[in-house]
């Protein structure tokens, strides 16, 4: 990583990498889930496939207890067969032009995930780019919300976190987050 791929915020490293979130060794990885928590396409499907049936089993129990997961909320399960001990499942918003609270709902997805990581006393977490695939959120706007929300949370909440990693699939996504990170530390 070059120096413009990471920043320290109140002793916590925020870093960007291009790669596969299912291969990360952070204590938790975040799943850009759908509200039914049953797996699907993109990151969600990849995490369920790599993590095995234990993740789906815990997701079924959660859904039977609380129903579908609301947009902007998060829950935690085992990591199953993943290197990560936990998967934090969060539902980002579907983009509908930006007039239906999409930025706040996306920010909430990141905040709620960080709150769970803090509650579980985790030292490291990996995020994908939430809502920018099938949910159609414009990439540069999503990156600004993601990076800004994470920095704001770390500056304003005591947390045991030492590393927040954005694991980004493809160079276009990586570059959007790199720009957002640079804009947030100016």
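A few remarks follow.
- Going through (1) within 28 Å of residue 181 (Cβ to Cβ); (2) buried (at least 18 other Cβ atoms within 10 Å of the Cβ) one by one, residue 25 falls short only on (2).
- Within region 41-55, the set of residues being at positive phi and outside any helix (DSSP H, G or I) comprises just one member, 52.
- The set of residues from region 139-168 being touching a residue at least 60 places away in the same chain (Cβ under 8 Å) and more than 18 Å from residue 91 (Cα to Cα) comprises 151, 154, 155, 159, 161, 162, 163, 164, 165.
- In this structure, residue 65 does not satisfy being more than 25 Å from residue 14 (Cα to Cα), part of a helix (DSSP H, G or I), in contact (Cβ under 8 Å) with a residue 12 or more places away in the chain and more than 14 Å from the chain's Cα centre (by Cα).
- Among the residues of region 80-92, the one identified as assigned to a loop (DSSP other than H, G, I, E, B), surrounded by 24 or more Cβ atoms within 10 Å (Cβ to Cβ) and in contact with a helix residue (DSSP H, G or I) (Cβ under 6 Å, 6 or more places away or on another chain) is 92.
- Residue in region 163-186 that is at pLDDT 95 or above and in a loop (DSSP other than H, G, I, E, B) present: no
- One residue alone among 45, 41, 51, 36 is without any contact (Cβ under 8 Å) to a residue 60 or more places away in the chain, within 25 Å of residue 170 (Cα to Cα) and surrounded by fewer than 16 Cβ atoms within 10 Å (Cβ to Cβ), and that residue is 45.
- Looking only at residues of region 137-186 that are within 14 Å of the chain's Cα centre (by Cα) and farther than 19 Å from residue 29 by Cβ, we find that the one that is surrounded by the most Cβ atoms within 10 Å (Cβ to Cβ) is 145.
- Residue check for residue 72: under 25 Å from residue 163 (Cβ atoms), modelled with pLDDT of 95 or more and touching a strand residue (DSSP E or B) at 6+ places or on another chain (Cβ under 8 Å): yes
- Members of region 101-134 that are surrounded by fewer than 24 Cβ atoms within 10 Å (Cβ to Cβ), modelled with pLDDT of 95 or more and part of a loop (DSSP other than H, G, I, E, B): 101, 120, 121, 122, 123
The values are calculated or read from the model by the stated rules, or taken from the named source; none is laboratory data. As the structure is a prediction and not an experimental result, all values here were calculated from the model. Cβ atoms come from the backbone with ideal geometry, glycine included; neighbour counts cover every protein chain shown.
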